[in-house]
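The values are calculated or read from the model by the stated rules, or taken from the named source; none is laboratory data. Keep in mind that what you see is a predicted model, and the values were worked out from it rather than measured. Cβ placement follows ideal geometry from the backbone for every residue including glycine, while neighbour counts extend to all protein chains displayed.
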Amino acid sequence: MNNDVIFSRDLSGIEVGETHISDVKGEEGLLSYRGYAIESLATKPFQEVVWLVLFGTWPDASQKQALKEFMAVNSQLEADELHLLKAMPLTLHPMLMLQGIVPLLQLKPKQTIADLSATALQGLLIAARLPSLVASWRQLQLGNTPLAANPNASFHENFLTMFNGHAPTPAQVKVLDTAQILQMEHSFNAGTFAGRVCASTLAPIQSSISASIGTLFGVLHGGADQAALEMAHKIGSPALAAGYVQNVLAQKQKIMGMGHREYKVVDPRARILKPMAKTLCTEGEAKNLFEILEAVEAACQVEFGKSKKEIWANVEFYKGAVFHQLGIPSHYFTAIFAMARVYGYIAHYLEFSKDSCLIRPRARYVGNAI
Ligand code: ACO
(Lines give C-alpha, C1' and ligand atoms only; values in the text may rest on other atoms or scores of the structure.)
Protein backbone atom coordinates (compact mmCIF):
# COMPACT_ATOMS: atom_id res chain seq x y z
CA MET A 1 0.00 0.00 0.00
CA ASN A 2 1.21 3.52 -0.82
CA ASN A 3 1.64 5.24 2.55
CA ASP A 4 1.24 8.70 0.97
CA VAL A 5 -2.39 8.00 0.08
CA ILE A 6 -4.86 9.66 2.44
CA PHE A 7 -7.81 7.43 3.26
CA SER A 8 -11.00 8.99 4.60
CA ARG A 9 -14.47 7.51 4.18
CA ASP A 10 -16.24 10.65 5.31
CA LEU A 11 -13.71 13.44 4.57
CA SER A 12 -14.10 14.57 8.19
CA GLY A 13 -11.55 17.28 9.00
CA ILE A 14 -10.08 17.21 5.48
CA GLU A 15 -9.85 20.54 3.64
CA VAL A 16 -10.88 20.03 0.01
CA GLY A 17 -10.88 23.59 -1.29
CA GLU A 18 -10.82 27.27 -0.43
CA THR A 19 -13.75 29.64 -0.12
CA HIS A 20 -14.39 33.32 0.63
CA ILE A 21 -18.11 32.83 1.14
CA SER A 22 -18.63 31.66 4.72
CA ASP A 23 -16.60 30.49 7.69
CA VAL A 24 -17.65 27.87 10.24
CA LYS A 25 -15.57 27.81 13.42
CA GLY A 26 -16.97 24.64 14.92
CA GLU A 27 -15.05 24.57 18.20
CA GLU A 28 -16.17 28.11 19.07
CA GLY A 29 -19.69 27.91 17.60
CA LEU A 30 -19.13 30.79 15.18
CA LEU A 31 -20.57 31.28 11.71
CA SER A 32 -19.97 34.23 9.39
CA TYR A 33 -20.89 35.11 5.81
CA ARG A 34 -18.27 37.18 3.96
CA GLY A 35 -16.73 38.25 7.27
CA TYR A 36 -19.98 39.23 9.02
CA ALA A 37 -21.08 37.27 12.10
CA ILE A 38 -24.41 35.49 11.65
CA GLU A 39 -25.79 37.28 14.74
CA SER A 40 -25.32 40.63 13.00
CA LEU A 41 -26.87 39.41 9.73
CA ALA A 42 -29.99 37.75 11.16
CA THR A 43 -32.01 40.98 11.31
CA LYS A 44 -30.76 42.56 8.08
CA PRO A 45 -33.07 42.82 5.02
CA PHE A 46 -33.20 39.37 3.39
CA GLN A 47 -32.25 40.41 -0.15
CA GLU A 48 -29.32 42.50 1.06
CA VAL A 49 -27.86 39.39 2.70
CA VAL A 50 -28.54 37.48 -0.53
CA TRP A 51 -26.41 40.02 -2.42
CA LEU A 52 -23.67 39.90 0.21
CA VAL A 53 -23.48 36.10 0.10
CA LEU A 54 -23.49 35.99 -3.69
CA PHE A 55 -21.15 38.83 -4.53
CA GLY A 56 -19.20 39.60 -1.36
CA THR A 57 -20.25 43.26 -0.88
CA TRP A 58 -23.37 45.02 0.39
CA PRO A 59 -25.59 46.14 -2.50
CA ASP A 60 -25.90 49.86 -3.30
CA ALA A 61 -29.35 51.42 -3.78
CA SER A 62 -29.58 50.62 -7.50
CA GLN A 63 -28.41 47.00 -6.96
CA LYS A 64 -31.02 46.53 -4.21
CA GLN A 65 -33.73 47.79 -6.52
CA ALA A 66 -32.48 45.72 -9.47
CA LEU A 67 -32.39 42.52 -7.38
CA LYS A 68 -35.86 43.16 -5.95
CA GLU A 69 -37.33 43.72 -9.42
CA PHE A 70 -35.49 40.75 -10.93
CA MET A 71 -36.73 38.37 -8.24
CA ALA A 72 -40.30 39.66 -8.48
CA VAL A 73 -40.48 39.52 -12.28
CA ASN A 74 -38.90 36.07 -12.49
CA SER A 75 -40.83 34.46 -9.64
CA GLN A 76 -43.90 33.72 -11.73
CA LEU A 77 -43.94 30.18 -13.21
CA GLU A 78 -44.27 29.89 -17.00
CA ALA A 79 -47.37 28.07 -18.23
CA ASP A 80 -45.17 25.13 -19.38
CA GLU A 81 -43.59 24.89 -15.93
CA LEU A 82 -47.00 24.74 -14.29
CA HIS A 83 -47.97 21.96 -16.72
CA LEU A 84 -44.85 20.06 -15.74
CA LEU A 85 -45.76 20.37 -12.07
CA LYS A 86 -49.28 19.15 -12.75
CA ALA A 87 -47.91 16.14 -14.65
CA MET A 88 -45.84 14.97 -11.65
CA PRO A 89 -47.27 12.43 -9.17
CA LEU A 90 -48.82 14.56 -6.43
CA THR A 91 -47.64 12.12 -3.77
CA LEU A 92 -44.00 13.15 -4.38
CA HIS A 93 -42.23 14.72 -1.43
CA PRO A 94 -41.63 18.44 -2.21
CA MET A 95 -37.87 17.83 -2.18
CA LEU A 96 -38.12 15.16 -4.89
CA MET A 97 -40.33 17.48 -6.92
CA LEU A 98 -37.76 20.29 -6.57
CA GLN A 99 -34.77 18.14 -7.44
CA GLY A 100 -36.58 16.90 -10.53
CA ILE A 101 -37.96 20.16 -11.83
CA VAL A 102 -35.01 22.52 -11.34
CA PRO A 103 -33.13 21.25 -14.44
CA LEU A 104 -36.34 21.59 -16.48
CA LEU A 105 -36.89 25.30 -15.78
CA GLN A 106 -36.63 27.71 -18.69
CA LEU A 107 -33.54 29.73 -17.83
CA LYS A 108 -34.44 32.83 -19.80
CA PRO A 109 -34.42 35.72 -17.32
CA LYS A 110 -37.05 38.36 -18.04
CA GLN A 111 -34.75 41.12 -16.89
CA THR A 112 -31.06 41.68 -16.38
CA ILE A 113 -28.93 43.16 -13.58
CA ALA A 114 -25.94 45.34 -14.50
CA ASP A 115 -22.54 43.60 -14.34
CA LEU A 116 -23.89 40.13 -13.43
CA SER A 117 -22.86 37.16 -15.56
CA ALA A 118 -25.41 35.09 -17.48
CA THR A 119 -24.74 32.21 -15.05
CA ALA A 120 -25.43 34.40 -12.02
CA LEU A 121 -28.71 35.52 -13.59
CA GLN A 122 -29.68 31.91 -14.31
CA GLY A 123 -28.95 31.00 -10.70
CA LEU A 124 -31.05 33.92 -9.48
CA LEU A 125 -33.87 32.92 -11.80
CA ILE A 126 -33.89 29.45 -10.21
CA ALA A 127 -33.89 31.06 -6.75
CA ALA A 128 -36.79 33.31 -7.78
CA ARG A 129 -38.81 30.32 -9.04
CA LEU A 130 -38.29 28.03 -6.01
CA PRO A 131 -40.88 29.73 -3.73
CA SER A 132 -43.49 29.60 -6.51
CA LEU A 133 -42.72 25.93 -7.14
CA VAL A 134 -42.98 25.03 -3.45
CA ALA A 135 -46.18 27.05 -2.91
CA SER A 136 -47.79 25.75 -6.12
CA TRP A 137 -46.93 22.18 -5.12
CA ARG A 138 -48.63 22.72 -1.76
CA GLN A 139 -51.75 24.09 -3.41
CA LEU A 140 -51.82 21.20 -5.92
CA GLN A 141 -51.39 18.67 -3.09
CA LEU A 142 -54.35 20.32 -1.34
CA GLY A 143 -56.41 20.01 -4.54
CA ASN A 144 -56.38 23.77 -5.16
CA THR A 145 -55.35 25.92 -8.11
CA PRO A 146 -51.89 27.46 -7.49
CA LEU A 147 -51.96 31.19 -6.80
CA ALA A 148 -50.11 33.61 -9.07
CA ALA A 149 -47.10 35.43 -7.66
CA ASN A 150 -47.72 39.03 -6.60
CA PRO A 151 -44.84 41.20 -7.88
CA ASN A 152 -45.79 44.00 -5.47
CA ALA A 153 -45.43 41.95 -2.29
CA SER A 154 -42.08 41.44 -0.56
CA PHE A 155 -40.31 38.16 -1.38
CA HIS A 156 -41.41 36.09 1.62
CA GLU A 157 -44.76 37.86 1.96
CA ASN A 158 -45.47 36.66 -1.56
CA PHE A 159 -44.30 33.13 -0.72
CA LEU A 160 -46.37 32.80 2.47
CA THR A 161 -49.45 34.15 0.67
CA MET A 162 -49.10 31.67 -2.20
CA PHE A 163 -48.24 28.85 0.20
CA ASN A 164 -50.97 29.35 2.81
CA GLY A 165 -53.61 30.94 0.59
CA HIS A 166 -53.79 34.07 2.74
CA ALA A 167 -51.51 37.01 3.51
CA PRO A 168 -49.10 36.70 6.48
CA THR A 169 -48.64 39.36 9.15
CA PRO A 170 -45.54 41.58 8.85
CA ALA A 171 -44.17 39.82 11.96
CA GLN A 172 -44.48 36.41 10.25
CA VAL A 173 -42.64 37.73 7.19
CA LYS A 174 -39.84 38.99 9.43
CA VAL A 175 -39.58 35.61 11.17
CA LEU A 176 -39.25 33.83 7.83
CA ASP A 177 -36.71 36.40 6.58
CA THR A 178 -34.56 35.72 9.65
CA ALA A 179 -34.88 31.93 9.48
CA GLN A 180 -33.94 32.00 5.79
CA ILE A 181 -30.90 34.22 6.43
CA LEU A 182 -29.71 31.72 9.06
CA GLN A 183 -29.97 28.84 6.59
CA MET A 184 -28.58 30.61 3.53
CA GLU A 185 -25.00 29.40 3.54
CA HIS A 186 -22.81 26.96 5.44
CA SER A 187 -19.47 26.38 3.78
CA PHE A 188 -18.75 22.85 2.48
CA ASN A 189 -21.83 21.09 3.86
CA ALA A 190 -22.84 17.89 2.03
CA GLY A 191 -25.32 19.61 -0.32
CA THR A 192 -22.94 22.39 -1.31
CA PHE A 193 -20.09 19.93 -1.76
CA ALA A 194 -22.28 17.78 -4.04
CA GLY A 195 -22.98 20.92 -6.08
CA ARG A 196 -19.27 21.70 -6.30
CA VAL A 197 -18.51 18.15 -7.48
CA CYS A 198 -21.18 18.59 -10.15
CA ALA A 199 -19.78 22.02 -11.13
CA SER A 200 -16.30 20.47 -11.35
CA THR A 201 -17.38 18.46 -14.39
CA LEU A 202 -18.43 21.76 -16.06
CA ALA A 203 -22.09 20.78 -15.80
CA PRO A 204 -24.48 23.77 -15.90
CA ILE A 205 -25.76 25.56 -12.81
CA GLN A 206 -29.19 23.91 -12.88
CA SER A 207 -27.55 20.44 -12.69
CA SER A 208 -25.41 21.57 -9.78
CA ILE A 209 -28.36 23.03 -7.84
CA SER A 210 -30.40 19.91 -8.49
CA ALA A 211 -27.57 17.71 -7.16
CA SER A 212 -27.35 19.90 -4.06
CA ILE A 213 -31.09 19.76 -3.43
CA GLY A 214 -31.04 15.96 -3.71
CA THR A 215 -28.25 15.83 -1.13
CA LEU A 216 -30.00 18.25 1.23
CA PHE A 217 -33.02 15.95 1.39
CA GLY A 218 -31.42 13.25 3.58
CA VAL A 219 -32.24 13.15 7.31
CA LEU A 220 -28.58 13.43 8.31
CA HIS A 221 -28.57 16.80 6.54
CA GLY A 222 -31.49 19.16 5.77
CA GLY A 223 -34.16 16.50 6.17
CA ALA A 224 -33.51 16.54 9.93
CA ASP A 225 -35.83 19.57 10.22
CA GLN A 226 -38.89 17.52 9.32
CA ALA A 227 -37.65 14.56 11.37
CA ALA A 228 -37.00 16.68 14.51
CA LEU A 229 -40.49 18.16 14.63
CA GLU A 230 -42.10 14.80 13.84
CA MET A 231 -40.08 13.36 16.73
CA ALA A 232 -41.59 16.02 19.04
CA HIS A 233 -45.10 15.14 17.82
CA LYS A 234 -44.37 11.45 18.44
CA ILE A 235 -43.11 12.06 22.00
CA GLY A 236 -46.34 13.93 22.76
CA SER A 237 -45.48 15.44 26.16
CA PRO A 238 -42.39 17.01 27.82
CA ALA A 239 -42.64 14.48 30.67
CA LEU A 240 -41.97 11.64 28.19
CA ALA A 241 -38.91 13.27 26.57
CA ALA A 242 -36.19 11.86 28.86
CA GLY A 243 -37.49 8.29 28.48
CA TYR A 244 -37.68 8.71 24.71
CA VAL A 245 -34.07 9.94 24.52
CA GLN A 246 -32.78 7.08 26.71
CA ASN A 247 -34.67 4.56 24.63
CA VAL A 248 -33.43 5.92 21.28
CA LEU A 249 -29.82 6.00 22.49
CA ALA A 250 -30.10 2.50 23.96
CA GLN A 251 -31.08 1.31 20.49
CA LYS A 252 -28.02 3.13 19.01
CA GLN A 253 -30.26 5.41 16.99
CA LYS A 254 -29.97 9.17 16.57
CA ILE A 255 -31.88 12.09 17.98
CA MET A 256 -32.82 14.28 15.04
CA GLY A 257 -31.67 17.90 15.17
CA MET A 258 -28.79 17.00 17.51
CA GLY A 259 -25.13 16.87 16.57
CA HIS A 260 -23.07 18.38 13.79
CA ARG A 261 -19.93 17.41 11.92
CA GLU A 262 -18.34 20.81 12.55
CA TYR A 263 -19.95 22.29 15.70
CA LYS A 264 -18.72 20.95 19.03
CA VAL A 265 -20.92 23.44 20.93
CA VAL A 266 -24.51 24.63 20.31
CA ASP A 267 -24.94 25.62 16.65
CA PRO A 268 -25.01 29.47 16.54
CA ARG A 269 -28.14 29.29 14.38
CA ALA A 270 -29.91 27.20 17.04
CA ARG A 271 -28.93 29.83 19.62
CA ILE A 272 -30.91 32.38 17.56
CA LEU A 273 -33.80 30.08 16.64
CA LYS A 274 -34.53 28.85 20.18
CA PRO A 275 -35.64 32.23 21.61
CA MET A 276 -37.57 32.90 18.38
CA ALA A 277 -39.42 29.61 18.83
CA LYS A 278 -40.06 30.35 22.49
CA THR A 279 -41.56 33.76 21.68
CA LEU A 280 -43.79 32.30 18.97
CA CYS A 281 -44.92 29.11 20.73
CA THR A 282 -46.86 30.48 23.69
CA GLU A 283 -50.13 28.57 23.52
CA GLY A 284 -51.71 25.18 22.94
CA GLU A 285 -50.04 22.61 20.68
CA ALA A 286 -47.19 24.97 19.74
CA LYS A 287 -46.26 25.56 23.39
CA ASN A 288 -46.36 21.84 24.04
CA LEU A 289 -44.09 21.16 21.01
CA PHE A 290 -41.59 23.76 22.16
CA GLU A 291 -41.54 22.37 25.68
CA ILE A 292 -41.02 18.84 24.34
CA LEU A 293 -38.03 20.06 22.31
CA GLU A 294 -36.59 21.84 25.35
CA ALA A 295 -37.01 18.66 27.40
CA VAL A 296 -35.35 16.56 24.66
CA GLU A 297 -32.44 19.01 24.54
CA ALA A 298 -32.03 18.85 28.34
CA ALA A 299 -32.20 15.02 28.32
CA CYS A 300 -29.63 14.86 25.52
CA GLN A 301 -27.25 17.03 27.50
CA VAL A 302 -27.55 14.64 30.43
CA GLU A 303 -27.11 11.49 28.30
CA PHE A 304 -24.36 12.79 26.00
CA GLY A 305 -22.63 14.29 29.05
CA LYS A 306 -22.34 10.77 30.52
CA SER A 307 -20.43 9.57 27.45
CA LYS A 308 -18.55 12.91 27.12
CA LYS A 309 -19.81 13.37 23.54
CA GLU A 310 -19.99 16.94 22.25
CA ILE A 311 -23.43 16.62 20.67
CA TRP A 312 -25.59 19.74 20.83
CA ALA A 313 -28.66 21.19 19.14
CA ASN A 314 -28.13 22.09 15.48
CA VAL A 315 -30.04 24.51 13.23
CA GLU A 316 -32.78 21.94 12.62
CA PHE A 317 -33.75 21.38 16.24
CA TYR A 318 -35.89 24.47 16.98
CA LYS A 319 -36.53 25.56 13.39
CA GLY A 320 -39.54 23.25 13.04
CA ALA A 321 -41.30 24.93 15.95
CA VAL A 322 -40.79 28.29 14.22
CA PHE A 323 -42.04 27.01 10.85
CA HIS A 324 -44.99 25.29 12.52
CA GLN A 325 -46.11 28.72 13.76
CA LEU A 326 -45.99 30.05 10.19
CA GLY A 327 -48.56 27.43 9.16
CA ILE A 328 -45.99 25.26 7.37
CA PRO A 329 -46.54 21.48 7.53
CA SER A 330 -43.42 19.50 8.48
CA HIS A 331 -42.98 17.77 5.10
CA TYR A 332 -42.38 21.22 3.55
CA PHE A 333 -39.62 22.27 5.97
CA THR A 334 -36.71 20.97 3.89
CA ALA A 335 -38.02 22.48 0.65
CA ILE A 336 -38.19 25.86 2.40
CA PHE A 337 -34.64 25.26 3.61
CA ALA A 338 -33.69 24.72 -0.06
CA MET A 339 -35.31 28.08 -0.94
CA ALA A 340 -32.71 29.74 1.33
CA ARG A 341 -29.68 27.49 0.77
CA VAL A 342 -29.99 27.93 -3.01
CA TYR A 343 -28.15 31.26 -2.65
CA GLY A 344 -25.23 29.45 -1.05
CA TYR A 345 -25.29 26.93 -3.89
CA ILE A 346 -25.20 29.72 -6.48
CA ALA A 347 -22.39 31.52 -4.66
CA HIS A 348 -20.31 28.32 -4.56
CA TYR A 349 -21.03 27.54 -8.22
CA LEU A 350 -19.83 31.03 -9.23
CA GLU A 351 -16.79 30.91 -6.94
CA PHE A 352 -15.76 27.40 -7.95
CA SER A 353 -16.22 28.11 -11.67
CA LYS A 354 -13.63 30.90 -11.52
CA ASP A 355 -10.89 28.38 -10.69
CA SER A 356 -12.37 25.03 -11.54
CA CYS A 357 -10.77 21.60 -11.37
CA LEU A 358 -12.27 18.12 -11.64
CA ILE A 359 -13.09 16.63 -8.22
CA ARG A 360 -12.43 12.95 -8.59
CA PRO A 361 -11.20 10.98 -5.56
CA ARG A 362 -9.82 7.48 -5.58
CA ALA A 363 -11.33 4.30 -4.13
CA ARG A 364 -9.37 1.64 -2.27
CA TYR A 365 -10.15 -1.56 -4.16
CA VAL A 366 -10.80 -4.46 -1.79
CA GLY A 367 -12.51 -6.84 -4.25
CA ASN A 368 -11.23 -10.00 -5.95
CA ALA A 369 -7.76 -9.88 -7.47
CA ILE A 370 -7.46 -10.35 -11.24
N1 ACO B 1 -28.04 11.27 18.31
C2 ACO B 1 -27.38 10.26 18.92
N3 ACO B 1 -26.08 10.01 18.75
C4 ACO B 1 -25.41 10.83 17.94
C5 ACO B 1 -26.02 11.91 17.28
C6 ACO B 1 -27.40 12.10 17.50
N7 ACO B 1 -28.05 13.09 16.89
N8 ACO B 1 -25.11 12.54 16.53
C9 ACO B 1 -23.97 11.89 16.70
N10 ACO B 1 -24.14 10.85 17.55
C11 ACO B 1 -23.13 9.89 18.01
C12 ACO B 1 -23.00 8.75 17.02
O13 ACO B 1 -23.90 7.72 17.27
C14 ACO B 1 -21.57 8.36 17.22
O15 ACO B 1 -21.47 7.59 18.38
P16 ACO B 1 -20.37 6.41 18.51
O17 ACO B 1 -19.04 7.09 18.37
O18 ACO B 1 -20.61 5.84 19.87
O19 ACO B 1 -20.65 5.46 17.39
C20 ACO B 1 -20.87 9.69 17.47
O21 ACO B 1 -21.87 10.53 18.05
C22 ACO B 1 -20.33 10.34 16.24
O23 ACO B 1 -21.41 10.46 15.30
P24 ACO B 1 -21.25 10.47 13.74
O25 ACO B 1 -22.60 10.34 13.13
O26 ACO B 1 -20.20 9.50 13.31
O27 ACO B 1 -20.61 11.90 13.56
P28 ACO B 1 -20.79 12.86 12.38
O29 ACO B 1 -19.76 13.90 12.45
O30 ACO B 1 -20.87 12.10 11.11
O31 ACO B 1 -22.23 13.45 12.77
C32 ACO B 1 -24.34 14.17 12.04
C33 ACO B 1 -22.85 14.51 12.20
C34 ACO B 1 -24.49 13.23 10.86
C35 ACO B 1 -25.06 15.47 11.75
C36 ACO B 1 -24.90 13.49 13.32
O37 ACO B 1 -24.70 14.32 14.44
C38 ACO B 1 -26.37 13.15 13.16
O39 ACO B 1 -26.70 12.14 12.53
N40 ACO B 1 -27.29 13.98 13.72
C41 ACO B 1 -28.72 13.73 13.58
C42 ACO B 1 -29.21 14.23 12.23
C43 ACO B 1 -29.22 15.73 12.14
O44 ACO B 1 -29.70 16.44 13.01
N45 ACO B 1 -28.68 16.26 10.99
C46 ACO B 1 -28.70 17.70 10.70
C47 ACO B 1 -27.32 18.29 10.78
S48 ACO B 1 -27.39 20.04 10.44
C49 ACO B 1 -27.50 20.12 8.77
O50 ACO B 1 -27.08 19.27 8.04
C51 ACO B 1 -28.21 21.29 8.16
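Which one of these does residue 230 not meet: (1) of a type in the set (Asp, Glu); (2) outside any helix (DSSP H, G or I); (3) surrounded by fewer than 19 Cβ atoms within 10 Å (Cβ to Cβ)?
(2)
Can you tell me which residue in the range 38-51 is surrounded by the most Cβ atoms within 10 Å (Cβ to Cβ), limited to those that are within 15 Å of residue 113 (Cβ to Cβ) and of a type in the set (A, V, I, L, M, F, W, C)?
Applying the first criterion (within 15 Å of residue 113 (Cβ to Cβ)) to the range 38-51 yields 47-48, 50-51.
Right, trim to of a type in the set (A, V, I, L, M, F, W, C) and you get 50-51.
On the way: 50: 25, 51: 20.
This residue is 50.
Determine whether the range 169-181 contains at least one residue that is within 17 Å of the chain's Cα centre (by Cα) and within 14 Å of the ligand (Cβ to nearest atom).
yes
Return the total of residues in the range 232-254 being near the ligand (Cβ under 10 Å from one of its atoms) and among the hydrophobic types (A, V, I, L, M, F, W, C).
3
Mind checking which residues of the range 182-216 are within 25 Å of residue 273 (Cβ to Cβ) and either within 11 Å of the ligand (Cβ to nearest atom) or polar (S, T, N, Q) (or both)?
Of everything in the range 182-216, those that are within 25 Å of residue 273 (Cβ to Cβ) and either within 11 Å of the ligand (Cβ to nearest atom) or polar (S, T, N, Q) (or both) turn out to be 182, 183, 186, 187, 189, 190, 191, 192, 212, 215, 216.
If I ask for residues that are assigned to a helix (DSSP H, G or I) and touching a residue at least 40 places away in the same chain (Cβ under 8 Å), which ones from the range 143-163 would you list?
Kept after step one, since they are assigned to a helix (DSSP H, G or I), are these residues of the range 143-163: 155-163.
Selection gives 155, 156, 158, 159, 160, 163.
What pairs come up if the first residue lies in the range 206-230 and is without any contact (Cβ under 8 Å) to a residue 60 or more places away in the chain, the second is among the aromatic types (Phe, Trp, Tyr) and within 13 Å of the ligand (Cβ to nearest atom), and their beta carbons are under 8 Å apart, counting only those six or more places apart or on different chains?
Cβ pairs passing all conditions: 215/193.
Mind counting the residues in the range 255-300 that are within 16 Å of the ligand (Cβ to nearest atom) and among the aromatic types (Phe, Trp, Tyr)?
Total satisfying the criteria: 1.
Which one of the conditions (1) surrounded by fewer than 15 Cβ atoms within 10 Å (Cβ to Cβ); (2) at positive phi; (3) within 16 Å of the ligand (Cβ to nearest atom) does residue 9 fail to meet, given that it meets all the rest?
All conditions pass for residue 9, except number (2).
Assess whether residue 67 counts as being buried (at least 19 other Cβ atoms within 10 Å of the Cβ), within 23 Å of residue 154 (Cα to Cα) and either assigned by TED's automatic domain parsing to the domain that holds residue 151 or under 19 Å from the mean Cα position of the chain (by Cα) (or both). Talk me through it step by step, then tell me what you get.
Details: buried (at least 19 other Cβ atoms within 10 Å of the Cβ): yes; within 23 Å of residue 154 (Cα to Cα): yes; either assigned by TED's automatic domain parsing to the domain that holds residue 151 or under 19 Å from the mean Cα position of the chain (by Cα) (or both): yes.
Yes: the conditions hold for residue 67.
Does the range 7-22 contain at least one residue that is among the aromatic types (Phe, Trp, Tyr) and more than 24 Å from the chain's Cα centre (by Cα)?
Of the residues in the range 7-22, the ones among the aromatic types (Phe, Trp, Tyr) are 7.
Applying the additional criterion that residues be more than 24 Å from the chain's Cα centre (by Cα) yields 7.
Yes, the range 7-22 contains a residue that is among the aromatic types (Phe, Trp, Tyr) and more than 24 Å from the chain's Cα centre (by Cα).
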